Amino acid sequence: MPLLIQAEEKPLNASANRAPTIVAVYADASKEPIPPLGWSFQWNAQGPIGKAANYEPLSYNENARAYGVRDSAGELRADAPRHTLAQDVFALCDKDEVGRCYIASYKLSADSSGDVWINHGNLRTPFTDGTNVQVYVNDELKEQKLLLQNRFAHVFQFKLGPLKKNDVIRLAIVPQEKSKKAGGRLHFIIEDCPRGQQPEAPVSISPALNASTPQFGVNGQIGTAFAIKHQAQCEAVVATRPEIVFIGDSITARWPQEVLEARFGKHRPINLGIGGDWIQNVLWRVQNGTLDKAAPKVVVMLIGTNNLTGKFTPDEIAVDIGGLIQAIQTKTAQSKILLLGILPRGPSIKTEINESIRQTNTKLATLADQKKVFYLDVGDKLTEPDGSISPAVMPDKLHVAGPGYIRWMEAMGPTLDQLLNQHP
């Protein structure tokens, strides 16, 4: 397995023979209640975009966990731009059809040693008219791009050229003329790139259909925590030689080890869950992992809820999970696979997302051949008789808690016993 190494970050005024230097990361700044040094978040309260004299700062509201414009009661106004700590940004045209824009500003602390770029820009916009992204240096419009409505993130990069200390880079989210709303989930970084070179192509942090990809961070590199976790898990598989492997996202990652050990300790269960994983991330981990070194008797797989959040359709999820099953079988042909149905989520099974989960699970059930691939849906064991989902089972309406894992094990244990005792 290749060693995953992060590139060393270099100072802003390094020599020309250098890799691009990350100057600032929007995602890091926008999740702080107080803007970090160099950053400010604004809106054009006093007039058109493109004139700094028209801008006023956005203020942070703890209750909303967002930056916005306060009303007389101190709450954030719904008719003004804002951004949440989850990097969702919002702009709009007001009642007078004036575009009120969200503006993320960064003031350079030193001269650039090369050309400044905005890179690894990501914006997934749900709004029908799309969203304009405009980039200014001081009050000069340098670049702009209209990003149309799309369920997947658009990626972008802009070259701003050589800049000086105290120059202000402003990325504005601008509504289309007379559009009611604009925005989406925003990420970008500011890079200093040697003149004459171009930085790497922008990377989407949302996996594409049929892709095999690690989790990427907002800087376009493999996420550090993801890389460390994956490598540690690969080493643990080789050292433990498990007979049962659990693989999936954060719902799998949170399995209490004592519950697994109490029920299946003699089979050396190992947990390969990583929070935030989509199907495409698990596929990459299987292909770049060490399951072939252990040849477990059973691989228990639960994945797909993050793909549903990312607007994948039930058909697309079933196809991608089918590809993941094939990858596991290629890696460890003798292993049986127990494919679990996506778990319900939210306050009750009557919500829209749970209808999508039911449709998806119907398709996942058809992937079982009852020879090497088996399907089990334990979702009904995690809900109450009236269809509600107890906070004791899912405190945040997504992740399972201790009592939920006990119910889950009671429902899954007999099937796992059978698979473990079957002859290959």
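The values are calculated or read from the model by the stated rules, or taken from the named source; none is laboratory data. Please read all numbers here as calculations on a predicted model, not as lab measurements. Positions of Cβ are backbone-derived with ideal geometry, glycine not excepted, and every protein chain shown enters the neighbour counts.
Numbers at a glance
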{"read-out": "Residue within the stretch 224-246 that is of a type in the set (Phe, Trp, Tyr), part of a helix (DSSP H, G or I) and closer than 23 Å to TYR405 by Cα present", "value": "no"}
{"read-out": "Criterion: touching a residue at least 24 places away in the same chain (Cβ under 8 Å), closer than 25 Å to THR330 by Cα and either of a type in the set (Ser, Thr, Tyr) or in contact with a Phe, Trp or Tyr (Cβ under 8 Å, 6 or more places away or on another chain) (or both) - qualifying residue of VAL282, VAL245, VAL300, VAL286", "value": "VAL300"}
{"read-out": "Matching residues in the stretch 390-424 - criterion: being farther than 17 Å from SER250 by Cβ and assigned to a loop (DSSP other than H, G, I, E, B)", "value": "SER390, PRO391, ALA392, GLN422, HIS423, PRO424"}
{"read-out": "Residues (over 21 Å from the mean Cα position of the chain (by Cα), of a type outside the set (Gly, Ala, Ser), in a loop (DSSP other than H, G, I, E, B) and more than 21 Å from THR415 (Cβ to Cβ)) located in the stretch 261-301", "value": "THR290"}
{"read-out": "Unmet criterion (only one of (1) crowded, with 21+ Cβ neighbours inside 10 Å; (2) within 12 Å of ILE169 (Cβ to Cβ); (3) not hydrophobic (A, V, I, L, M, F, W, C)) for SER105", "value": "(1)"}
{"read-out": "GLY68 being loosely packed, with under 12 Cβ neighbours inside 10 Å, of a type outside the set (A, V, I, L, M, F, W, C), assigned by TED's automatic domain parsing to the domain that holds ILE189 and free of Cβ contacts under 8 Å to residues at least 40 places away in the same chain", "value": "no"}
{"read-out": "Conditions (1) surrounded by fewer than 21 Cβ atoms within 10 Å (Cβ to Cβ); (2) within 16 Å of ALA45 (Cβ to Cβ); (3) not polar (S, T, N, Q): number failed by HIS83", "value": "(1)"}
{"read-out": "Flag if LEU302 is crowded, with 18+ Cβ neighbours inside 10 Å and either touching a strand residue (DSSP E or B) at 6+ places or on another chain (Cβ under 7 Å) or in the same structural domain as PHE152 (by TED's automatic domain parsing) (or both)", "value": "yes"}
{"read-out": "Residue match in the stretch 179-192 (condition: modelled with pLDDT of 95 or more, more than 21 Å from the chain's Cα centre (by Cα) and more than 30 Å from ILE270 (Cβ to Cβ))", "value": "yes"}
{"read-out": "Segments classed as strands (runs of 3 or more DSSP E), wholly inside the stretch 144-217, with at least 1 members that are on the phi > 0 side of the Ramachandran plot and touching a residue at least 60 places away in the same chain (Cβ under 8 Å)", "value": "181-193"}
{"read-out": "Matching residues, the stretch 344-385, being among the acidic types (Asp, Glu) and without any contact (Cβ under 8 Å) to a residue 24 or more places away in the chain", "value": "GLU352, GLU355, ASP369, ASP380, GLU384"}
{"read-out": "Candidates LYS363, LYS381 - the one that is basic (Lys, Arg), in the same structural domain as MET301 (by TED's automatic domain parsing), at pLDDT 95 or above and closer than 24 Å to TYR405 by Cα", "value": "LYS381"}
{"read-out": "Residues satisfying the stated conditions in the stretch 137-171, i.e. more than 20 Å from the chain's Cα centre (by Cα), under 24 Å from GLY114 (Cβ atoms) and of a type in the set (A, V, I, L, M, F, W, C)", "value": "VAL137, LEU141, PHE158, LEU160, LEU163, VAL168, ILE169, LEU171"}
{"read-out": "Residues of the stretch 251-279 classified as touching a residue at least 40 places away in the same chain (Cβ under 8 Å) and either in contact with a helix residue (DSSP H, G or I) (Cβ under 6 Å, 6 or more places away or on another chain) or not aliphatic (A, V, I, L, M) (or both), total", "value": "13"}
{"read-out": "Matching residues, the stretch 34-54, being in contact (Cβ under 8 Å) with a residue 40 or more places away in the chain, assigned to a loop (DSSP other than H, G, I, E, B) and out of contact with any Gly (no Cβ under 9 Å at 6 or more places or on another chain)", "value": "LEU37, GLY38, ALA45, GLY50, LYS51"}
{"read-out": "Residue ID - farthest from ILE189 (Cα to Cα), chosen from residues in the stretch 31-49 that are of a type in the set (Gly, Ala, Ser) and at pLDDT 95 or above", "value": "ALA45"}
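Condition check ((1) assigned to a loop (DSSP other than H, G, I, E, B); (2) surrounded by fewer than 20 Cβ atoms within 10 Å (Cβ to Cβ)) across all residues:
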{"position": "VAL319", "(1), (2)": "no, yes"}
{"position": "PRO344", "(1), (2)": "yes, no"}
{"position": "LYS350", "(1), (2)": "yes, yes"}
{"position": "THR360", "(1), (2)": "no, no"}
{"position": "LYS381", "(1), (2)": "no, yes"}
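Residue-wise test of (1) crowded, with 22+ Cβ neighbours inside 10 Å; (2) within 24 Å of the chain's Cα centre (by Cα); (3) outside the structural domain of ILE328 (by TED's automatic domain parsing).
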site	(1), (2), (3)
THR213	no, yes, yes
GLU235	no, no, no
PRO242	yes, no, no
ILE251	yes, yes, no
VAL259	no, no, no
